[in-house]
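Have a look at the structure below before the remarks.
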Amino acid sequence: MKESSQKDSVAARDALEMAALLGEQFSLAVLISAGATSEGLDKLFDEECLVEVEAGMARFADPARAREIAASLSWSRKRFIHGALARACAAHRLPPADVAAHYLAARDFAEARPLLIRAAEKACLQRRFRPALALIRQALDIWPIGVDSETRLRILHEMARCAMNCREDAIARLAWEEILEMTSDPGRRVEALRQLAALEQVRGELEEAGRHLEQAARLAEENLPAADAAQCWLAWADYLANRLLVTRAREAAQTAREYAEKSKSHALISETVGYCGLVAAMGGRAEEASDLADLSLRIAVAHDLPEQTALAYRRRANICEYAADYTGEAAAHLQAISYCRSLGERSGEISCLSCLANACFRTGEWKDALETANSVLEDRKAHPAYHAIARMVPAMIAAFRGEQRTAGKLLERNLLELRRLGLAGLDFQLLWARAFYFENEGDFRLAASSYDELRVLWRACEDRHLALSGLLFASSFYKDQGRVSDVSDCLDILHVIVRDNSNPESRATLRAVSAETAWAEDDKERAGEEFSEAAELFEKAKLPLETAWIYWRRTQLPGDPAMIRGTARRAAHIASLLGLRPLLARLATAKTSSPTRRQREVLDLLAIGLTGKEIASRLHLSPRTVEMHVARLLESLNCRTRAEAVRKATERGWV
């Protein structure tokens, strides 16, 4: 009797330990399959240590008891029990992840690994990417290098896919790097290189991204079908074009077109022809660009290719931009947007909307520009590049409207974002707006730094269009600051741009910068004539911001009084429509009478940073008299701060 009682106690202990490792609630069938005896279970239920919750399922009466027992077991005992539980769970077809958990605890990694893989693949099929990612990482942690390499490659691919869906870019990158290291298969290597490049571009690692894209293109050219080679060369061309490396982009795009034609894929031929058109436009070859865009569209329509048709419409819009036909660009984008919506092609629509917002900014339709930009930003699934382009529009409008607080918050953030994404062409517009913002702040040092940076950027690429507005405003700034050699440098840059891309905007900008050069050389008559020509060209090009700016510059030079008044009225009218408060203030300043001799003395001392007391001491005046002169200057110049007054007085030549 005593021996029987001892056996029951041992059986009860064994069952209790197994139950503790199964959790607070468990299957009795699994427990019995793992080795628990009926006698041991009877004793546990009789002693109310375990409680049956439903048919075949039980739990601990005191959940803390299960945790205490599990914690008290030795490492080897736990391993032995988990092994038995794993086999029992497998026999009862429990979910692979549950079975794998016991094999892991039993340190039987060879059995655990395939179960983890099976569980991960099932989760992937159900689009439960985060649990799938966790299971894959568990499997890889216990996977010896060199064992079943083909399966490991397949699972690494799934890992990358899950990580990208979970926005875990660092994990995706590790997966693609290991794939690249493990495989010699050209197709897999090309895919890994392109995926790594995409992740690096998002992180702003642009040099690495470019290296990987070029490697992918050359590897595909040597080892893959023509269609794959065409796609890889097109991706490389797109990278180069975004960096404004136009000559290399043209060569890569042409290579992509050659492989597309070898592949006989009409979709690829349409895409590569259209891209060749875009790169031609960037280099100033407008007629060739237009012909290629039309050919791209004809191919897409003739072969009933909706996606390529939408893309061809977008290329038409891009080509209009480089021809300085912003009204045509907006119309082409609207046509493309309408077509994308008819297809339900949201990505293409968002791409066009972001560019449309910028086109509306250029044509002065700023309400439409802001509304369009906001519609892009509301789409959280949109590509980061489209968000960056859309955010640029409100930042620039705030800068030119003198909304200093808003502009200050947006400009620097947007510039960093665009650089991280490698969209070099848009740097020009933000540097232009940032410089103007600093001018309005009265910080001429930082304004000069932004304009200088714009010229450095131009020399680092092959831009033939995007720097125009920035160069226009830079030349005005440099002239007012007495930096004559920098005005000349702007003119030299404009001659190169106009030589390669003689569109209406580039010709107008050349005339305006030529006027600034003549003014800096004190040839005011020639400056006035050239400003008048530039204003007429800008007005024909339908660029209201630039038109208003040149009208204002013209009012600063001698001329027929009636003509000057008319020019000032036209400038004020455009500035009022756009809400250009800084320009309106400058126009108001132009109407003020010249300062008195004493006011000029006060201005000169303010300009070198003296305080009111220091100026009073220097001029042998009372501080109250100095403050009176300062107040009158602020009022006459329509300024709120002394720094702003110094800036405006400098522009008028009073300091």
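The values are calculated or read from the model by the stated rules, or taken from the named source; none is laboratory data. From a predicted model like this one, the values you see are computed outputs, not experimental measurements. Using ideal geometry, Cβ is built from the backbone for each residue, glycine included, and neighbour counts are taken over all protein chains shown. Please note that ligands, DNA and RNA were not included when accessible areas were found on the heavy atoms of the full protein model with its side chains. Shrake-Rupley method; radii C 1.70, N 1.55, O 1.52, S 1.80 Å.
One table, with the values for the structure above:
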{"quantity": "Net lengthening on full extension, residue 109/residue 67 (0.36 nm per residue, minus Cα-Cα)", "calculated": "12.7 nm"}
{"quantity": "Residue 343-residue 598 pseudo-label distance in nm [points 7 Å out on the Cα-to-Cβ vector]", "calculated": "7.4 nm"}
{"quantity": "Label point distance in nm, residue 624-residue 51, each placed 7 Å from Cα along Cα→Cβ", "calculated": "9.0 nm"}
{"quantity": "Those GluC sites (Glu not before Pro) in the range 39-133 that DSSP places in a loop and that have at most 15 other beta carbons within 10 Å", "calculated": "47, 48"}
{"quantity": "Solvent exposure of the chain as accessible area per residue, Å², 1.4 Å probe", "calculated": "45 Å²"}
{"quantity": "Nearest-ten-degree value, helix 346-362 long axis tilted from longest Cα axis of the chain", "calculated": "20 degrees"}
{"quantity": "Nearest-0.05 FRET efficiency for residue 298 and residue 635, computed from C-beta distance (R0 60 Å)", "calculated": "0.40"}
{"quantity": "32 Å Cα-Cα threshold exceeded, pairs from 264/540; 409/648; 613/648; 479/540; 122/264; 381/540", "calculated": "264/540; 122/264; 381/540"}
{"quantity": "Stretchable slack from residue 307 to residue 207, in nm (0.36 nm times residue separation minus alpha-carbon distance)", "calculated": "33.0 nm"}
{"quantity": "Those GluC sites (Glu not before Pro) in the range 359-399 that DSSP places in a loop and that have at most 13 other beta carbons within 10 Å", "calculated": "378"}
{"quantity": "Gyration tensor verdict on the range 497-536 (Cα atoms; rounded if a/c is under 1.5, prolate if a/b is larger than b/c, oblate otherwise)", "calculated": "oblate"}
{"quantity": "Order by protection proxy (mean Cβ within 10 Å, highest first), peptides 84-92, 229-237, 555-563", "calculated": "229-237, 84-92, 555-563"}
{"quantity": "Accessible surface of the chain, 1.4 Å probe, proportion on carbon and sulfur as whole %", "calculated": "50 percent"}
{"quantity": "R0 of 56 Å, Cβ-Cβ distance residue 145-residue 540: FRET efficiency to nearest 0.05", "calculated": "0.25"}
{"quantity": "The range 129-173 and the range 341-391: distance between their alpha carbon centers, rounded to Å", "calculated": "36 Å"}
{"quantity": "Of 556, 497, 397, farthest towards positive along the dipole that unit charges on Lys, Arg, Asp, Glu beta carbons give the chain", "calculated": "556"}
{"quantity": "Virtual spin-label span in nm between residue 9 and residue 576, 7 Å along Cα→Cβ", "calculated": "10.4 nm"}
{"quantity": "Mean Cβ neighbour count within 10 Å, used as a protection proxy, ranking 295-306, 506-517 highest first", "calculated": "506-517, 295-306"}
{"quantity": "Burial ranking of peptide ranges 272-285, 326-339, 611-624, 198-211 (average Cβ count within 10 Å, highest at the top)", "calculated": "272-285, 326-339, 198-211, 611-624"}
